[in-house]
1. Could you grab me the full set of residues in the range A:138-170 that are surrounded by 19 or more Cβ atoms within 10 Å (Cβ to Cβ) and without any contact (Cβ under 8 Å) to a residue 40 or more places away in the chain?
2. Only residues that are modelled with pLDDT under 95 and within 18 Å of A:Thr143 (Cβ to Cβ): list them for the range A:156-170, please.
3. Can you pull out every residue in the range B:171-215 that is aliphatic (A, V, I, L, M) and within 14 Å of chain A (Cβ to nearest Cβ)?
4. From the list A:Thr5, A:Thr35, A:Thr41, A:Thr60, exactly one residue is without any contact (Cβ under 8 Å) to a residue 60 or more places away in the chain, surrounded by 14 or more Cβ atoms within 10 Å (Cβ to Cβ), more than 10 Å from chain B (Cβ to nearest Cβ) and among the β-branched types (Val, Ile, Thr). Which is it?
5. Go through the range A:112-143 and give me each residue that's touching a strand residue (DSSP E or B) at 6+ places or on another chain (Cβ under 6 Å) and among the β-branched types (Val, Ile, Thr).
6. Kindly evaluate A:Val99 against the criterion of being facing another protein chain (nearest Cβ under 8 Å), part of a helix (DSSP H, G or I) and surrounded by 15 or more Cβ atoms within 10 Å (Cβ to Cβ).
7. Of everything in the range B:75-97, what is under 24 Å from B:His394 (Cβ atoms), touching a helix residue (DSSP H, G or I) at 6+ places or on another chain (Cβ under 6 Å) and of a type outside the set (A, V, I, L, M)? Give them in sequence order.
8. Please go through (1) within 11 Å of another protein chain (Cβ to nearest Cβ); (2) of a type in the set (S, T, N, Q); (3) within 16 Å of the ligand (Cβ to nearest atom) for A:Ser46 and return the number of the only condition it doesn't satisfy.
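The values are calculated or read from the model by the stated rules, or taken from the named source; none is laboratory data. The shown structure was predicted, so the numbers you read here are calculated from the model rather than taken from an experiment. Methodologically, a virtual Cβ is constructed for each residue, glycine included, from the backbone with ideal geometry; neighbour enumeration extends over all protein chains shown.
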Amino acid sequence: MAEVTSRKDIQTVSSGDGDPWAAFRQIERLTLSLTQHYTHTLGKYSRFFIELEQKRFLATRCESCGRVCAPPRPLCPNCLQPTHWVELTGAGTVETYSVLHFSPGSNADVAALTTPYVLAYVLLDGASTLFPHLLRAEPEQVTIGMRVRIAYVDGPVEHPIHLMHFIPME
Amino acid sequence: MSRRDAGADTAVNRLPVIVGVGMTKFAAERLDASARDLMAEAVLALLADAGMSDLKAVQHGLCSYESDHFNKQMTLAAILHDTLGLIPTPTVRVEGGGATGALALRTAWAYVQSGLCDSILVYGCETNGRGVSSQTANQLFALSADFDWEMMIGGTYTGFYAAMMRAHMHRYGTTPDQFAHVAARNRRNAGFNPLAQKPMDLTIDDVLASRMVADPYRLLDCSLLSDGAAAVLLATEDWARAHSPRFRTRPTVAYVATGCGTDTMRLGDRYPEMTNFRAKQAAAEQSYRMAGIRTPLEEIDVAELYDSYSGVEIQAVEDLGFVPHGQGGAAIAGGLFDLGGALPVNTSGGLLGRGAPVGATGIAQAIEIALQLWGEADSRRQVPNARRGLTDTHAGIATISVVNIFERRD
Ligand SMILES: [Zn+2]
């Protein structure tokens, strides 16, 4: 789990006369990495990702309040009742966005992105919330209010959220 | 009594006062210090400040740290409690993302008010500095976004904040030179604070010329990653008089009000409110009611605002009710919140200049307000005759927001 990869040179940090910590000023440091492995369940989100493989985009709708959530919410936070799945067309409108000039490399899909890339918040037609995802477009072309649609990806991808992204509407 | 009025009728004689404060200098890297070394340094500074020789009379501990990942240690609170010799007094750890330190103080406020203890040491630290690469730091911060929906698409907090500011610019006409004013001013204020991490003398053009990180935010619009620790000793006034010689010689600073609000984890779930922080508005409203404040711009003398990114200060002065929504950018660019202005903010240098070791940040903000109200800040940043001060601290994109208010009582 913990791998100590190297030991750095011992350093002595400066201390003036009368330093109460004089006996503790030699400093040793290690470089190390920590690795953990998980089985990660997608839980009640699972059907969203399973349908994404079939190029269908599902949201959830609450029967009581009518709110359509994308990303889905199995439990409506307004009504505390189970929701049900509804399919959206995948067309929508950019409500806001940012152009990222560095990639955090959070997984292999993200590490493969070329910078700059666009993170867009899209109001999908029929939804009540904004869905965040990559918008594959020239950053200069992107504006608030532009129409976009979901493009589905034939794998393989590492995380199934990358089975889709947004592209400008033709 | 409605839920929102809770606390309004609590007995005045249990209102917590600040007995003493201590913090390390915040640093990009303290290669000579682990989290426990930093914490010990801050608490020894607190003892000297309060004129106390030990913690034996202190009745409760409260540990404030955010990340098991950055610190490579779970149950760090138990280790720090032990390190500080607080055993066997009771303890509790508080965690609330970026708001951790302010939420810790708020919790301690309730512990004293309830009578659970008469004195409580609130101590916080974090090692967010160069002990991790900046990529690892970004990944760990992204891990505090919603894993499958935000982190896995390549989202980062810089990106989420940038998208909010993009919406603010679109709706209100806010401009990059307005938020560059914050980046320059807070780093200039840091030059008047010997414990600040990175004072810089910048022009607005310098900020606008720094490299783009997440449009519209540039490198100099982003706050610092820091190693550091901070501690505040809170108590009833009776306890403070009995145990701290220094307390008896200073103006009394009371912790008079606290508010806390929350919002959805994901920015997109807040639609159609994309420009501002609802949780901050709720926290401010609660704390103003508790403190009896009606016109915050006139009734507050000094404030430490959560400037995780420069533009966040524009959103904050609006959500805290200092100026109407949409007018934050112009008010800031006009100098309303500079030293010498109507309400100086981030006199310490803020997260942009003083630094932000997460678990210590909210505590360090309270320390700056205490110094200002005692009249003990460096003369170049002291706000003349400051009598009431506010701290604004939040987690995520203001997913949890905390406002604390302090008053000089003499
Ligand atoms: Zn509902």
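1. Within the range A:138-170, just A:His165 meets the criteria.
2. Passing the criteria: only A:Glu170.
3. B:Met212, B:Val213, B:Ala214
4. Matching residue, one of A:Thr5, A:Thr35, A:Thr41, A:Thr60: A:Thr60.
5. If the condition is that a residue be touching a strand residue (DSSP E or B) at 6+ places or on another chain (Cβ under 6 Å) and among the β-branched types (Val, Ile, Thr), then A:Val118, A:Val122, A:Thr129, A:Val142 are the ones that fit.
6. no
7. Hits for the range B:75-97 are B:Arg93, B:Gly96.
8. Of the numbered conditions (1) within 11 Å of another protein chain (Cβ to nearest Cβ); (2) of a type in the set (S, T, N, Q); (3) within 16 Å of the ligand (Cβ to nearest atom), the odd one out for A:Ser46 is (3).
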